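Engineer: Just dropping this structure here.
The values are calculated or read from the model by the stated rules, or taken from the named source; none is laboratory data. It should be emphasised that the depicted structure is a prediction, and the values quoted were computed from it without experimental measurement. Heads up, the Cβs are rebuilt from the backbone with ideal geometry, glycines too, and the neighbour counts pull from every protein chain shown. Side chains are part of the model used for accessible areas, which takes the heavy atoms of the whole protein and leaves out ligands, DNA and RNA. Shrake-Rupley method; radii C 1.70, N 1.55, O 1.52, S 1.80 Å.
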Amino acid sequence: LYKAGIDFLVLDKIQPNSASNVAAGLINPVTGRRVVKVWLDDILLPFAEKTYGEIGGFLKIETFRKTRIIDFFPNPFMKESFQKKLNQQTPYIQFIEDPQFLKSYFNYEFGSGVIDPCYIIHSTRLQHHWRHFLMENNLLLQTELDFEALRVQNKTIRYKEIEAERIIFCDGALGGNNPYFSKLPFALHKGEAIVIEAPDLLPDYIYKKSMAIVPLPEKGLFWVGTNYIWDYDNLHPTPEFREATNNVLKNWLKLPYKIIEHRSAIRPATVERRPFVGFHPLYSNLGILNGLGTKGFSLAPYFAHQLCENITNGQPILPEADIKRFSGVLSREGE
C-alpha cells in the first residue's frame, strides 16, 4: 500500500506470542515426507526474495538470509523416497557431496540430502524496524480493534474518529473470532519451539531430521521446532514438548547446548491449506489477508501484492486464494 501511494493506517497491538514472532521465518521449497514441491513454488519463492530484499533496502537492514537445508534421513525409507524424487528430477534437492562432513556435529546413520535454496526471514527484526517506520510517519495506532466501535457503511468505514474506504483484517489466529469472517474454515492449531545456545554449531545451514534447527541472527542461537497440537485449552508452552525436544537434541546433536527460551503460538491455518484473500461478499469494503498457516513467510508477499493490485486496478485474486470461493457461507447472516 505504501509503494502504491495509498493512504493507510495500521491498527496493531504488539502480540509477543503471535505466530509471526514465534516462528523460525523459514521458507522451504519442498515439503513433507514425499518431498513434493510447495504450492506455487515458481511464483512465490522469487517474489518473496524480491520483496524482502526491497523492504530490507528501504529500511536499510538485512531482512532475510538465503541458505540450504541439510536433511538428515531418519530411516532408509526416507532416503529411498528422496532418491526417487531425485531420479524424477525434482528441483531443489540433491544428495550431499561429502556425507561425512557433519559427523563431528551430529549422530546420523542413513545419510542426508540438501534442499537448496531456502530462506530464513528475520521476522522480529523486520517487524521492529517496520513498526518504527510506521510510528515515525504517524501510520500506526498501537491498539486492539474494538468491533463495537466499528461502523460499516455502504461506501465508508468509520472507526471512532477514523474514516476510510476499506478495512483489511490481517489478524492471524484472532481471525477465528472475527465476527465478519469467523465462518471461514480456519483450522487453528498450536505450535511450539525452543531457542538453544549452541556456540560450536555451524550457523551456515538449517538442519532437519524429526525437527528443524534454524540459525537465528543472534550469534550462537538456534530455533528448534516444531509440533502441531490440534486439541489445546491454553496458549502456554508445554513441558511435554520441551522434554521431547531435549531428548531429540541429546540423541542427535553431539555438541553442548543450553535451552534458553520456550515459545508457543497459534497458527492461523485453514482446512484446505489455502489462504483467505479478498473482500466480503456482503460488505465489499471489508477485506481479509489471513489463513497463511505454516507457509506465511512465502505466501504473504505475493498475496499482499495481489490484494493491493485488486484494490488499485481491479486485478483478480488467484481463485484458489480468493474468498469468493466461500461466498455462500459468508452470505448467511444471523446463523
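Engineer: Given the whole protein assembly as supplied and a 1.4 Å probe, what does the accessible area of residue 130 come to in Å², nearest 10?
Structural biologist: Counting only protein heavy atoms, residue 130 exposes about 80 Å² to solvent.
Engineer: Between residue 246 and residue 132, what's the calculated FRET efficiency when r is the beta-carbon distance and R0 is 25 Å? Round to 0.05.
Structural biologist: For R0 = 25 Å, the calculated efficiency reads 0.10.
Engineer: Sticking with this structure for a sec: So how do 248, 114 rank on accessible area, 1.4 Å probe, biggest first, that is with the largest at the start?
Structural biologist: Working: 248 40, 114 0 Å².
Putting 248, 114 in descending order of accessible area: 248, 114.
Engineer: Among 234-240, 72-78, what's the highest-first ranking by average C-beta atoms within 10 angstrom per residue? Write down the numbers at each step before the final one.
Structural biologist: Values: 234-240: 12.3, 72-78: 15.4.
Highest to lowest by the protection proxy: 72-78, 234-240.
Engineer: Given contacts defined as C-alpha pairs under 8 Å and at least six residues apart, what's the relative contact order of the chain, whole-number percent? Walk me through the numbers before you get to the answer.
Structural biologist: Details: 566 pairs, mean separation 68.7, N = 335.
Computed over the chain, the figure is 21 percent.
Engineer: Moving to a separate point now. Note down the nm distance, to one decimal, between modelled labels 7 Å out along Cα→Cβ at residue 228 and at residue 101.
Structural biologist: 3.2 nm
Engineer: Give the residue from 89, 162, 128 lying farthest towards the positive end of the charge dipole for segment 84-165; charges sit on Cβ (+1 for Lys and Arg, -1 for Asp and Glu) and the dipole is referred to the Cα centre.
Structural biologist: 89
Engineer: Tell me, what ³J(HN,Hα) does each residue in segment 82-98 have, in order and in whole Hz, if you take phi through Karplus 6.51 cos²θ - 1.76 cosθ + 1.60 with θ = phi - 60° and put x for Gly and Pro?
Structural biologist: Per residue, the Karplus-derived 3J(HN,Hα) values read 4, 4, 4, 5, 5, 5, 8, 6, 5, x, 6, 10, 6, 7, 5, 5, 10 Hz.
Engineer: Next question, about the same structure. Could you give the dipole magnitude of the chain about its Cα centre, charging the beta-carbon of Lys and Arg +1 and that of Asp and Glu -1, in debye to the nearest 20? The partial results should precede the final answer.
Structural biologist: Working: 38 positive and 37 negative charges, 116 e Å.
Dipole of the chain, to the nearest 20 debye: 560 debye.
Engineer: So who's got an amide H within less than 5 Å of the one on residue 171, skipping anything under 5 residues away but keeping other chains? H placed 1.01 Å off N, in plane.
Structural biologist: 289
Engineer: How many nm is it between the label spots at residue 50 and residue 143, if each spot is 7 Å from the Cα in line with the beta carbon?
Structural biologist: My value for the distance between the label points is 3.8 nm.
Engineer: If you don't mind, there's one more thing I want to ask. Fully extended, how many nm does the chain gain between residue 238 and residue 309 (0.36 nm per residue separation, minus their Cα-Cα distance)? Could the numbers behind the result be given before it?
Structural biologist: Working: separation 71, 0.36 × 71 = 25.56 nm, distance 4.19 nm.
21.4 nm is the gain from fully extending residue 238 to residue 309.
Engineer: Then there is this: Classify segment 168-245 as rounded, prolate or oblate, taking a ≥ b ≥ c as the square roots of the eigenvalues of its Cα gyration tensor: rounded when a/c is under 1.5, otherwise prolate if a/b is larger than b/c and oblate if not.
Structural biologist: On the way: a/c = 2.99, a/b = 1.98, b/c = 1.51.
Cα axes put segment 168-245 in the prolate bin.
Engineer: Ranked from the most accessible area to the least, with a 1.4 Å probe and all protein chains present, what is the order of 329, 30? Show your work: numbers first, answer last.
Structural biologist: Working: 329 45, 30 5 Å².
These residues rank, largest area first, as 329, 30.
Engineer: Quick one: if you stick a label point 7 Å off each Cα along the C-beta vector at residue 90 and residue 1, how many nm between them?
Structural biologist: In this crude label model, residue 90 to residue 1 measures out at 3.9 nm.
Engineer: Now for a separate question. Taking the structure as given and computing volume of the Cα convex hull per residue in Å³, which label from (i) 153; (ii) 190; (iii) 205 fits?
Structural biologist: The listed entry that was calculated here is (i).
Engineer: Let me ask something else about it. Defining a contact as two alpha carbons under 8 Å apart and six or more residues distant in sequence, what relative contact order in percent does segment 238-326 show? Please list the in-between numbers first.
Structural biologist: Values: 80 pairs, mean separation 22.6, N = 89.
The normalised contact order for segment 238-326 reaches 25 percent.
Engineer: Whenever you get a sec, line up 12, 41 from highest to lowest accessible area (probe 1.4 Å, protein heavy atoms). Spell out each step's value before the answer.
Structural biologist: Details: 12 60, 41 15 Å².
Of 12, 41, the descending order of accessible area is 12, 41.
Engineer: So how exposed is residue 2, as accessible area in Å² (1.4 Å probe, rounded to 10)?
Structural biologist: 110 Å²
Engineer: Now for a separate question. So what is the calculated 222 nm ellipticity per residue for the chain, using -39500 (n - 2.57) for each DSSP H run with n of 4 or more, over all residues, to the nearest 500 deg cm²/dmol?
Structural biologist: On the way: 7 runs with 85 residues, N = 335.
So the calculated ellipticity at 222 nm is -8000 deg cm²/dmol.
Engineer: Hey, another quick one. Quick one: length gained pulling residue 65 to residue 152 fully straight, 0.36 nm per residue minus the C-alpha distance? Don't skip to the answer; put the middle values down first.
Structural biologist: On the way: separation 87, 0.36 × 87 = 31.32 nm, distance 4.15 nm.
Length gained between residue 65 and residue 152: 27.2 nm.
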